[in-house]
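Heads up: the structure comes next, in C-alpha cells.
The values are calculated or read from the model by the stated rules, or taken from the named source; none is laboratory data. Please read these numbers as outputs of a predicted model, since none were measured by experiment. With ideal geometry, Cβ positions are generated from the backbone for all residues, glycine too; neighbour counts draw on all protein chains shown.
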Amino acid sequence: MIPDAYYKNIFAIDYKRLKELGIKNLFFDIDNTVIPYFEKEISKETKSLFNNLKNDFCVFLFSNSRKKRVYSIANELGVDSYYSSMKPLKRNYKKIMNMFKKNECVFIGDQFMTDVLGAKRNGLKVIFVNKLKDKEPITTKFWRILEKHYLKKYKKYGLFNIDEFYDRIKTI
C-alpha cells in the first residue's frame with residue numbers, strides 16, 4: 001500500500017514526465033485532492049491545470065462523493081467522472097478499468113485508506129498528495145486515524161515518510 005509518488009499537491013506533479021513514461025489516463029479523487037471537501041467553487045488555477053492536462057491525457061474524476069457534487073465538478077472541468085465509487089472496494093474500479101490499460105493509468109488522491117489502497121488493490125500506479133484542508137467529514141476523519149497508524153509504521157521501517165516528498169515512478 002505504498003504510493004509510487006508523493007507530491008505536495010496536484011500542481012507539483014511532473015505531468016510531462018508521466019507522459020514520457022507512457023501514462024495516458026489520469027484518475028483524480030475530488031475531495032481534498034482537487035477541491036476542498038466543503039467548497040463548491042473550483043479555483044482558476046485548478047481549472048487551468050485541468051484544461052492543460054486534457055491536451056495530453058484522458059482525465060477522469062473517480063470519487064466517493066455523491067452524484068450531484070461529482071457531476072457539477074466534472075462538468076465545470078470538462079472531464080468524465082464516476083461517483084459513489086465506494087473506494088477502496090474493487091467492484092467499481094473493475095467497471096472503469098475495463099476501458100483502459102492499467103499500465104497507462106495513474107490514480108491521484110489524498111487518502112491512504114481509500115485512494116492509495118483502492119488503486120493498489122487494482123494494480124494501478126498511485127500518486128499521493130497532501131490534503132487541501134483539514135476540515136473533513138466524520139467518515140474521512142475515521143479513515144485518517146487508520147492512516148496515521150500505517151504512516152507511523154511505514155516511517156519506522158523506512159518504507160514511506162510523510163515528511164519527505166518523492167517520486168518512485170521510474171518505469172511503467
Check your understanding: Out of (1) surrounded by 17 or more Cβ atoms within 10 Å (Cβ to Cβ); (2) under 24 Å from PHE50 (Cα atoms); (3) touching a helix residue (DSSP H, G or I) at 6+ places or on another chain (Cβ under 8 Å), what's the single condition that is false for ILE73?
Key -> (3)
Practice item. Among the residues of the range 7-37, count how many are in a strand (DSSP E or B) and free of Cβ contacts under 8 Å to residues at least 60 places away in the same chain. Key: 0
Revision key, fill the gap. Output for Cβ contacts, cut-off 7 Å, separation at least six or different chains, first residue within 14 Å of ASP29 (Cβ to Cβ) in the range 92-114, second of a type in the set (Asp, Glu) and assigned to a helix (DSSP H, G or I), reads PHE107/ASP115; GLY109/ASP115; GLN111/GLU147; PHE112/GLU147; MET113/GLU147
Check your understanding: PHE142 versus (1) closer than 23 Å to TYR7 by Cβ; (2) surrounded by fewer than 14 Cβ atoms within 10 Å (Cβ to Cβ): which is the lone unmet condition?
Key -> (1)
Revision key, fill the gap. Checked the range 111-139 for anything part of a helix (DSSP H, G or I), surrounded by 13 or more Cβ atoms within 10 Å (Cβ to Cβ) and of a type outside the set (A, V, I, L, M, F, W, C); matches are THR114, ASP115, GLY118, LYS120, ARG121
Exercise for review: Quick one: count up the residues across the range 140-172 that are outside any helix (DSSP H, G or I), in contact (Cβ under 8 Å) with a residue 24 or more places away in the chain and of a type in the set (Lys, Arg).
Suggested key: 1
Practice item. Tell me which residues, restricted to the range 62-76, are at pLDDT 95 or above and in contact with a strand residue (DSSP E or B) (Cβ under 9 Å, 6 or more places away or on another chain). Key: ILE73, ALA74, ASN75
**Study point:** Filtered residues of the range 65-110 (kept if small (Gly, Ala, Ser), part of a helix (DSSP H, G or I) and under 24 Å from ILE13 (Cα atoms))
**Key:** ALA74
**Study point:** Residue, farthest from PHE160 (Cα to Cα), within the range 114-136, restricted to residues that are among the aliphatic types (A, V, I, L, M) and under 10 Å from the mean Cα position of the chain (by Cα)
**Key:** ALA119
Review point. Between a first residue in the range 118-139 that is closer than 19 Å to TYR6 by Cβ and a second residue that is exposed (fewer than 12 other Cβ atoms within 10 Å of the Cβ), which pairs have beta carbons less than 6 Å apart while being 6 or more apart in sequence or on different chains?
Key: ASN130/LYS8
